[in-house]
Every structure is written in C-alpha cells, then in structure tokens.
Amino acid sequence: MYTRLGENVSDPAEADAVARHYHDAIDRIHAQHADCEPSVKLTQLGLDLDRTRAVAHVRALAEHAQACGTYLWVDMEQSPYVDTTLDIVREARAVAPVGVCLQAYLHRTADDLARMVSRGIGVRLVKGAYKELPDVALQKKSDVDEHYFTLARTMLSAAAGGFRAVFGTHDTALIARIRAHAGSINPAPRHEFHLLYGIQRDQQRVLASKGAHVRVLIAYGDYWFPWYMRRLAERPANVWFVVKNIMG
Ligand SMILES: Cc1cc2nc3c(=O)[nH]c(=O)nc-3n(C[C@H](O)[C@H](O)[C@H](O)COP(=O)(O)OP(=O)(O)OC[C@H]3O[C@@H](n4cnc5c(N)ncnc54)[C@H](O)[C@@H]3O)c2cc1C
C-alpha cells in the first residue's frame with residue numbers, strides 16, 4: 001500500500017496534480033503486476049476548496065483502481081471531516097469498490113461502522129492519530145484499546161458476509177486478541193492487518209509467517225517533514241513511539 005504525504009492543499013491545481021499522481025501510480029504498479037493499493041486523503045484531493053471536484057477525483061480513482069485490479073482506500077482526518085468523508089466514500093462506492101479508515105477513539109464509530117458494513121464499504125480500523133476533544137473522542141489509551149476490540153469483533157462477524165475487515169495497528173496485544181477471537185469463529189473470517197512501513201518489522205514478519213494477511217503502508221513524498229512534525233505536535237505520545245522504534 002502507498003500514500004503520498006500531504007494534507008489540505010490551497011490551490012485546485014495542486015489537488016489535480018495529486019489525483020494525476022495517483023492515477024499514474026495505479027498504472028505503473030499495474031504494469032509491474034504488483035499487489036499494492038493506494039490510500040488517499042480527501043483534503044489532499046481538494047476537499048476544502050471544491051467538494052464536487054474532490055468527489056470526482058475519488059470516484060475516478062476508485063474506478064481506475066478497480067479497472068487495474070486494485071482497491072482504493074480513503075484515510076480519515078480530523079473529526080470535522082468524518083461526515084463528509086463518509087458521504088464521499090458512499091458516493092464513490094456507487095461506481096466501484098472502496099474502503100475507508102475509521103478511528104476507534106471516536107465515540108461515533110460503532111454507528112459509522114454499521115453503516116459502512118451495510119453498504120459493502122471496506123473498513124480499515126485504526127486507533128486515531130489526531131488530537132480530539134473529550135466530547136468526540138475517548139481520551140484514555142485503555143478505553144481506546146477496548147473500544148477498538150469491540151469494533152474488531154463486529155468487523156469479524158461481518159467479514160463472514162464478504163465485508164473487508166482490516167486492522168491498522170501495531171499494537172501486539174490487540175493483534176493477538178483479534179487473531180484469537182477470529183480463530184474462535186468457525187470458519188475463521190478473513191481479515192487483514194495493515195502496518196506502517198518500517199515500524200515493528202519483526203512483528204510484520206512474524207504475523208505473515210503465521211499465515212496472517214499483512215500489508216505494509218509506505219508513506220512517501222516531499223511533505224514528510226511537516227507531516228511528521230504536525231503528528232508529533234498533535235499527539236506528544238507519538239514522540240515516545242518514535243524514540244522507542246529508533247532505539248529498537
Ligand atoms: C495502515 C495504517 C493507516 C492509518 N491511517 C490512519 C488514518 O487514516 N487516520 C488516522 O487518524 N490514523 C491513521 N493511522 C494511525 C493510527 O490512528 C495510530 O495513530 C497509529 O497506528 C498508532 O496506533 P497503534 O494502533 O499502532 O497502537 P499504539 O498503542 O498507539 O502503538 C502500539 C506500538 O506501535 C508502535 N508505534 C505505533 N505508531 C508508531 C509510530 N507512528 N512511529 C513509531 N512507532 C509506532 C509503538 O511501539 C507502540 O508502542 C494509521 C495507521 C496505520 C497502521
């Protein structure tokens with residue numbers, strides 16, 4: 001999987017260039033016969049400037065991805081974007097398969113998950129990366145983890161009906177719980193783990209060697225430094241992850 005770093009563009013031409021970049025990447029990866037899925041951010045496709053244009057980009061990318069035998073993922077950004085993101089993903093689903101990221105720290109996610117399942121939209125469940133207020137999001141890591149597992153159980157139940165259930169996490173304890181729960185269902189539902197490139201590589205290898213479906217998300221592009229600094233500033237706990245991983 002791949003994503004070009006960047007968020008909120010300030011000029012429609014930039015959004016068009018991002019869309020062209022992904023169309024080109026889809027073609028090139030298809031030509032190499034690689035199994036590699038794009039993951040896009042709506043603000044990078046111009047959502048703040050022109051919603052209609054952003055929708056057109058997402059629909060075209062979803063169709064192109066399908067034509068090339070791959071699948072489009074849409075990332076989830078800060079909470080004010082959730083409704084629009086889910087609406088746009090639903091519009092794209094009308095033309096081609098598409099998946100969306102949902103954040104376990106948001107109080108609303110169980111309802112959103114039910115809606116996505118009913119519409120055949122794949123879900124990549126993550127804990128959530130942004131600084132959010134208590135009225136919209138759980139604040140304690142242990143509460144987020146528990147909510148994640150509850151949502152994961154719903155996803156595994158739905159997976160039996162063909163729903164694409166993806167867990168985007170590096171949390172080894174959570175991964176073990178999800179795998180154990182999936183193993184307790186007969187037949188075990190298909191599910192995947194998506195991890196970030198370079199983080200806990202051993203864990204990625206161990207999971208794959210145990211037969212889990214694992215994909216790695218590669219984030220690339222010139223924008224990596226501001227993107228990374230913003231993530232660190234928004235959620236200081238991320239600093240500790242980075243230090244631990246660098247030391248490890
Ligand atoms: C494939 C994928 C897609 C994502 N897409 C989105 C998205 O669209 N929207 C969104 O809000 N969030 C997204 N995220 C980020 C996610 O919300 C979390 O912030 C991030 O994954 C950390 O949470 P965790 O589940 O890994 O568990 P944690 O409990 O936070 O971390 C478990 C362990 O993983 C390691 N670790 C985790 N993150 C990092 C890091 N950044 N650098 C170094 N080590 C780390 C640490 O060792 C840590 O102890 C995505 C994550 C992944 C893996």
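The slack in the chain from PHE149 to LEU49, taken as 0.36 nm per residue of separation less the alpha-carbon distance, amounts to 32.4 nm. Geometric descriptor of the stretch 18-92, per residue, is 73 Å³ (volume of the convex hull of the Cα atoms). In this structure the stretch 76-195 gives 42 Å² per residue of accessible area when probed at 1.4 Å with all protein chains present.
Extension gain, ASN186-ARG115: 0.36 nm per intervening residue step, less the Cα-Cα distance, totals 23.1 nm. The fraction of accessible area contributed by carbon and sulfur in the chain is 56 percent, rounded to a whole number (1.4 Å probe; ligands and nucleic acids excluded). Value of Rg to Rh for the chain, rounded to two decimals, is 0.94; Kirkwood radius and Rg both from alpha-carbon coordinates.
Taking label positions 7 Å along the Cα-Cβ direction at both ARG28 and GLU14, the computed distance is 2.2 nm, reported to one decimal. Computed about the Cα centre, the dipole magnitude for the stretch 16-122 is approximately 180 debye when only Lys and Arg (+1) and Asp and Glu (-1) carry charge, each at its Cβ. Estimated at the nearest 10 Å², the accessible area of VAL214 is 40 Å² with a 1.4 Å probe. Along the stretch 69-76 the Karplus relation, 6.51 cos²θ - 1.76 cosθ + 1.60 evaluated at θ = phi - 60°, assigns HN-Hα couplings of x, 10, 8, 8, 10, 10, 6, 10 Hz to successive residues, with x for each Gly and Pro. Counting 0.36 nm for each residue step from ARG90 to HIS21 and taking away their Cα separation leaves a gain of 22.5 nm. Tell me the per residue accessible area of the stretch 1-64 using a 1.4 Å probe; a whole number in Å² is fine. Heavy-atom SASA per residue in the stretch 1-64 reads 45 Å². Our summary gives the chain a relative contact order of 17 percent, counting only alpha carbon pairs under 8 angstrom and 6 or more residues apart. Think of the stretch 122-178 as having a plus end and a minus end, set by charges on the Cβ of Lys, Arg, Asp and Glu; of ALA160, ALA137, VAL123, ALA160 sits farthest toward the positive end of this dipole.
The values are calculated or read from the model by the stated rules, or taken from the named source; none is laboratory data. Since the structure is predicted, the reported quantities are computational estimates derived from the model, not experimental observations. Quick reminder, even Gly has a Cβ in these numbers, built from the backbone with ideal geometry, and neighbours come from all protein chains shown. Surface areas here come from the heavy atoms of the whole protein model, side chains and all, with no ligands, DNA or RNA. Shrake-Rupley method; radii C 1.70, N 1.55, O 1.52, S 1.80 Å.
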